[in-house]
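Rule-based calculations on the coordinates, nothing more; no lab input. Being a predicted model, the structure only gives us computed values, none of them experimental. FYI the Cβ positions are ideal-geometry reconstructions off the backbone, even for glycines, and counts take in every protein chain you see.
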Ligand SMILES: *Cc1c(COP(=O)(O)O)cnc(C)c1O
């Protein structure tokens, strides 16, 4: 069965009677006109649809905790939306903790990850009652125990481990291989557990956590990951009598950025995961654990698009034709950071005949600020609106103010209604944290 992450565009994308592209019943040329560009647009129906895919796909396993990985896109509205689908949240900073807290999320359904959580961040997590902290290393074990002790609390933890699995994704987004910066090596787990049992009385260990990487297309690695986690749990049970009952297999499912991408369906991976889990539970003789999933990209990417206005152009003699848009690497770092590819269409003439190949450049002062290399589009004119698909994940969340450019707004669309969920930054916002020391002020 197909799932939403296999779609290149938001599910509600169509060409309307005016001949323009619409999403969520909203004409994209009207959105660009009303809210300005660059503009992030998020389709509520697509987000709900993929959440439902996950819930349906994993309904065959009784104990599943869906934790949306906030780092893909974190805002108060998206937190409220995804919480309304029954998901919990994987967070990686005090900023993400605070955002989901202010959005009214049940903090017991929040899990805190990261390889170098600060003292202040751990204190905030303990004080707000974050449900699970995935402890990454020995330093953090001791630090968290101290903080828990000083708050008179016992804190519920998982241990993040490095399972030693390599996936074929970009090097920067692999995390499960052996020399990764994340998590305890398998050979260090026993020492960590010795410490928890004997020294760290303010920590309660519930299970193991791993996350292999991102934009994963291989289905088999999830099975391998489960095998490693269950085997470890059985071994630790035998050695320490722990009876750990939670495994967290992270996120990572891929999405379809361009036509040739074929990510697996949520239903396919759920099938593999549940079968392997049931099989391992029986073979290793443990009680069926609670299964935590942390999808980020696959929940939010497909639902998002970015609208840009076409501006200047340059024809290199005997070379490429460049068209520049009013955004680029500061609102979408992925092409310049890891050669990510995107698909785009012209919102105001989606069905016009495609002309020769063009390259879509950003407006930022770096030669590497190219959004899309060599794409066939209709004849482009200044003022045309370009829609870049699949920008819901790791676009706004990685956005910067490079060149002192204001971050774009984001609107949520649904049933022909559009609502601002993140306001466009203003020039005042940009200078609002600046201070000039007195001695530099000309009298
Ligand atoms: C980034 C991350 C995720 C989410 O990964 P996606 O590829 O966006 O699904 C989940 N868990 C952890 C620990 C992560 O670091």
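Table for the structure above
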read-out	value
Sites residue 357 and residue 417 - FRET efficiency at Förster radius 35 Å, r taken between beta-carbons, to 0.05	0.40
Peptide ranges 217-225, 107-115 listed from the most packed, as the mean C-beta count within 10 angstrom indicates	107-115, 217-225
Cα-based helix-to-principal-axis angle, 44-57 vs the chain, degrees rounded to 10	30
Cα-based helix-to-principal-axis angle, 266-284 vs the chain, degrees rounded to 10	10
Highest-fluctuation residue, 420, 299, 161 considered, GNM on the chain with Cα pairs under 10 Å	420
Beta bridges by DSSP in the chain, antiparallel share as percent, to the nearest 5	45
Cα point-scatterer Debye curve for the range 169-319, base-10 log of I(q)/I(0) at q = 0.13, 0.14, 0.17 Å⁻¹	-0.70, -0.78, -1.04
Histogram of C-alpha separations across the range 324-416, 10 Å bin width, %	15, 47, 32, 6, 0
Anisotropy class of the chain from Cα gyration tensor, a/c 1.5 cut	prolate
Förster radius 56 Å - calculated FRET efficiency between residue 404 and residue 239, Cβ distance, rounded to 0.05	0.50
Kirkwood Rh and Cα Rg combined as Rg/Rh, the range 261-313	1.30
For the chain: relative contact order, % (alpha-carbon pairs under 8 angstrom, 6 or more apart)	21
Ellipsoid equivalent to the range 66-222 - semi-axes via the Cα gyration tensor, in Å	24, 23, 12
Kirkwood-Stokes translational diffusion coefficient of the range 270-349, alpha-carbon pairs, 37 °C, 0.692 mPa s, µm²/s	186
Inter-part distance where the range 204-279 and the range 25-87 are each reduced to a Cα centre, Å	23
Cα-only Debye scattering, the range 1-146: base-10 log of I(q)/I(0) at q = 0.08, 0.10, 0.21 Å⁻¹	-0.31, -0.47, -1.23
Cα-only Debye scattering, the range 35-107: base-10 log of I(q)/I(0) at q = 0.17, 0.20, 0.25 Å⁻¹	-0.68, -0.88, -1.17
